[in-house]
Amino acid sequence: MRKVKLGDVLQLHRGYDLPHAKRTAGEIPVISSSGISGSHNVSKCEGPNVITGRYGTIGEVYYHDGPCWPLNTTLYVSDFKGNNPQYVYYLLKYALKELMFGDGSDKSTVPGIDRNVLHMLHVPYESSIEQQTTIVALLSSIDSKIETDSKIIAELESLARTIYDYWFTQFDFPDENGNPYRSSGGTMVHNDTLNRDIPEGWEVKPLGDLLTWERGISYTSKDLGEGVPMINLASFSPTGYSQSGIKQYKGNYQESKVLHPYDLVMCNTQQTAIDFSKDIIGHTFLVPDIFEGDIVFSHHVTHIIVNEALKYWIAALFDSDYFHRYIVGYASGTSIMGLDFNGIEKFNSPLPPISILKQYEVFMRPIYQRKSALMKESARLTSLRDWLLPLLMNGQAIIEQ
């Protein structure tokens, strides 16, 4: 397959500044170097759009088939030069991956990238629109399945939050007749510690009476390499677990630093100031059942050790906005924020009877098992796509009509 300059296939243009103060709520996505980062009521580009980071997050490429506003942290394709826009999307993904990692080094942390440098890159090019469309059909079918899995995971997470709110915020857990407790006239009693009503028969206890915790492994870059998966700071996102953040740890470790599927972990560190929309400190997740063998965790992560019957309830409590706003009050530091676990230990919570907690576990466990199965499938599909991408772009693999 012949090679051409990337600038012969597409034209990149710098995005546009749009401070938060000048945005008006609307349906037009605002796209930054890290993806959709808000909305506006006016677009700068009509679809289809192919967008990549100019600085900030380098190497990611986004395809948006509709109007949008690409921010000035991005470059967008202003001219597809007659090519299939989705083919251009995959070609740009391939070109950036080669630029970032092609020589064996990792340049994803470079401070910025010049569009003129990208235009001069030599890339393999399939000029046949028919072949471009065939390549796109295969790769996009894989991406479509990955996206479907992500949507189902999001729906499962939403369902889990709804059940928690219904049972433990509104107190409409099933009573002995299967009816919603509070809505069906279940007895509520005033608790002086919380200064509010809770269901009759519930206790109030500080979380320190219910759990213990273990901090993870301190490590240096010399300890990283082919080894066991390590959950670390980068494994957390504002919405939970981030598969892309897993590191490989090759150092020594004790049994107490080994995690198992559905263990509860919390991020205890943050390298930025507190921002409720972006925070990871204090966020938790249950370790998904997607790993083979041991899983370890770094010193930026704390394993919350709790009775199995309490685990799903505690995990949902920690995931609530109320608890997050509480616990970040115990984060302190200048350039790096650290979490004081005294805040967790003295947090008073209404404690349901064990029978209700076991019922809740019965509801929750299949949800997390299904999430893990979908994560495994998405990981396999992502590996397949990433393996096929260079083969198809280079012409090393040909799709028969």
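The values are calculated or read from the model by the stated rules, or taken from the named source; none is laboratory data. Small disclaimer: the values here were computed from a predicted structure and weren't measured. Heads up, the Cβs are rebuilt from the backbone with ideal geometry, glycines too, and the neighbour counts pull from every protein chain shown.
As an exercise: evaluate VAL228 against (1) within 28 Å of ILE354 (Cα to Cα); (2) in contact with a strand residue (DSSP E or B) (Cβ under 8 Å, 6 or more places away or on another chain); (3) modelled with pLDDT of 95 or more; (4) surrounded by fewer than 22 Cβ atoms within 10 Å (Cβ to Cβ) and give the number of the one condition it does not meet.
That leaves (1) as the condition not met.
Of the residues in the range 332-351, how many are surrounded by 17 or more Cβ atoms within 10 Å (Cβ to Cβ), outside any helix (DSSP H, G or I) and over 22 Å from the mean Cα position of the chain (by Cα)?
The qualifying residues number 5.
Which of the residues that make up the range 166-185 are touching a strand residue (DSSP E or B) at 6+ places or on another chain (Cβ under 7 Å) and either assigned to a helix (DSSP H, G or I) or at pLDDT below 95 (or both)?
Answer for the range 166-185, where residues must be touching a strand residue (DSSP E or B) at 6+ places or on another chain (Cβ under 7 Å) and either assigned to a helix (DSSP H, G or I) or at pLDDT below 95 (or both): there is none.
Quick check: is even one residue across the range 387-394 farther than 30 Å from SER128 by Cβ, among the hydrophobic types (A, V, I, L, M, F, W, C) and crowded, with 19+ Cβ neighbours inside 10 Å?
The answer is no, given that none of the residues of the range 387-394 is farther than 30 Å from SER128 by Cβ, among the hydrophobic types (A, V, I, L, M, F, W, C) and crowded, with 19+ Cβ neighbours inside 10 Å.
How many of the residues making up the range 1-53 are among the polar types (S, T, N, Q), surrounded by 14 or more Cβ atoms within 10 Å (Cβ to Cβ), in contact with a His (Cβ under 9 Å, 6 or more places away or on another chain) and free of Cβ contacts under 8 Å to residues at least 60 places away in the same chain?
1
Yes or no: the range 244-251 includes at least one residue that is buried (at least 21 other Cβ atoms within 10 Å of the Cβ) and closer than 30 Å to PHE168 by Cβ.
No: the range 244-251 contains no residue that is buried (at least 21 other Cβ atoms within 10 Å of the Cβ) and closer than 30 Å to PHE168 by Cβ.
Can you tell which of ILE135, ILE163, ILE142, ILE146 is touching a residue at least 24 places away in the same chain (Cβ under 8 Å), assigned to a helix (DSSP H, G or I) and farther than 30 Å from TYR55 by Cα?
Residue meeting the stated conditions: ILE163.
Consider HIS190 against the criteria (1) touching a residue at least 24 places away in the same chain (Cβ under 8 Å); (2) touching a strand residue (DSSP E or B) at 6+ places or on another chain (Cβ under 9 Å); (3) more than 18 Å from TRP167 (Cβ to Cβ): it satisfies all of them except one. Which criterion is unmet?
Going through (1) touching a residue at least 24 places away in the same chain (Cβ under 8 Å); (2) touching a strand residue (DSSP E or B) at 6+ places or on another chain (Cβ under 9 Å); (3) more than 18 Å from TRP167 (Cβ to Cβ) one by one, HIS190 breaks only (1).
Which condition from (1) touching a residue at least 40 places away in the same chain (Cβ under 8 Å); (2) of a type outside the set (Ser, Thr, Tyr); (3) closer than 22 Å to ALA309 by Cβ is the one that MET230 breaks?
(3)
Restricting to the range 114-126, count the residues that are in contact (Cβ under 8 Å) with a residue 40 or more places away in the chain and not in a helix (DSSP H, G or I).
7
Tell me, please, whether a residue that is modelled with pLDDT under 95, more than 30 Å from ASN84 (Cβ to Cβ) and either within 26 Å of the chain's Cα centre (by Cα) or in the same structural domain as LEU381 (by TED's automatic domain parsing) (or both) can be found in the range 108-116.
yes
Filter the range 258-279 for residues that are touching a strand residue (DSSP E or B) at 6+ places or on another chain (Cβ under 6 Å) and buried (at least 21 other Cβ atoms within 10 Å of the Cβ); which is modelled with the lowest pLDDT?
Checking each candidate, the answer is GLN270.
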